[in-house]
1. Under a 10 Å cutoff between Cα atoms, tell me which one of Ala22, Ala38, Ala77 has the largest fluctuation in the Gaussian network model of the chain.
2. Please go through region 1-110 and write out the trypsin sites (Lys or Arg not before Pro) that DSSP classes as loop and that have at most 11 other C-beta atoms within 10 Å.
3. What angle do you read, to the nearest 10 degrees and between 0 and 90, between the alpha-carbon axis of helix 132-146 and the longest principal axis of the chain?
4. Full extension from Glu50 to Leu90: what is 0.36 nm times the residue separation minus their Cα-Cα distance, to one decimal in nm?
5. Can you give the relative contact order of region 5-61 as a percent, counting alpha carbon pairs under 8 Å and 6+ residues apart?
6. Hey, can you grab everything whose amide H is under 5 Å from the amide H of Glu130? Only 5+ residues off in sequence or another chain; H modelled, so Pro and N-termini drop out.
7. Could you compute the FRET efficiency for Gln15 and Ala77, with r as their C-beta to C-beta distance and R0 at 30 Å, rounded to 0.05?
8. Using the alpha-carbon atoms, what tilt in degrees (0 to 90, nearest 10) does helix 25-34 show relative to the longest principal axis of the chain?
Amino acid sequence: MPNTHHEQRREAIRQLLLARPAATQGSLVATLATAGYAATQSSVSRDLRELGAIKTVKGYELPAEKQRGDEQLAGVAELMRAMQPAGPNLLVVHTAIGAAQRVALAFDRCNWPEVIGNIGGDDTVFVATESGVAQKSLITRIERSTRS
């Protein structure tokens, strides 16, 4: 049971995000105020960061942590626009504007052996692989996981 005001507010935010995405930080501040929690945009921003919340096309959400790799990528398929190899060890994945961080997080949580690491910008994710063979295998896995 949370024992400080900050922990209680953070738990309230977590419960709100489990119920549905929050369009903006301001909407969370207003909802929290209605529920009796004093919050500012800055405190909500810190709480969201601590909770690991991510900004998606739907708003702020908590990422699903227990999904398998294929499910992780399927969950962000609508955010991915294109991918192209950039040499034998780098895959460039283009995403919707503002979605690269969420896609990069999905790659992190996949725990696929082909993925050594990745960097997510605003609308581009660079995914490092250990070899050209691993890169080709990764492309196949992504295509299989993101098919509708």
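1. In the Gaussian network model the winner is Ala38.
2. Working: sites: Arg9, Arg10, Arg14, Arg46, Arg49, Lys55, Lys58, Lys66, Arg68, Arg81, Arg102, Arg109; in loops: Lys58, Lys66, Arg68.
Within region 1-110, the qualifying trypsin sites (Lys or Arg not before Pro) (loop, at most 11 other Cβ atoms within 10 Å) are Lys58, Lys66.
3. 50
4. Difference between extended and current length: 11.4 nm.
5. Details: 49 pairs, mean separation 24.9, N = 57.
Result for region 5-61 is 44 percent.
6. It is Ile116, by chain and number.
7. For Gln15 and Ala77, the calculated efficiency is 0.65.
8. Once rounded, one gets 30 degrees.
Each reported figure results from applying straightforward, stated rules to the coordinates on display, with no laboratory input. Since the model is a prediction, treat every value here as computed from it, not as a measurement. No Cβ is skipped: glycine too gets one built from the backbone with ideal geometry, and neighbour counts run over all protein chains shown.
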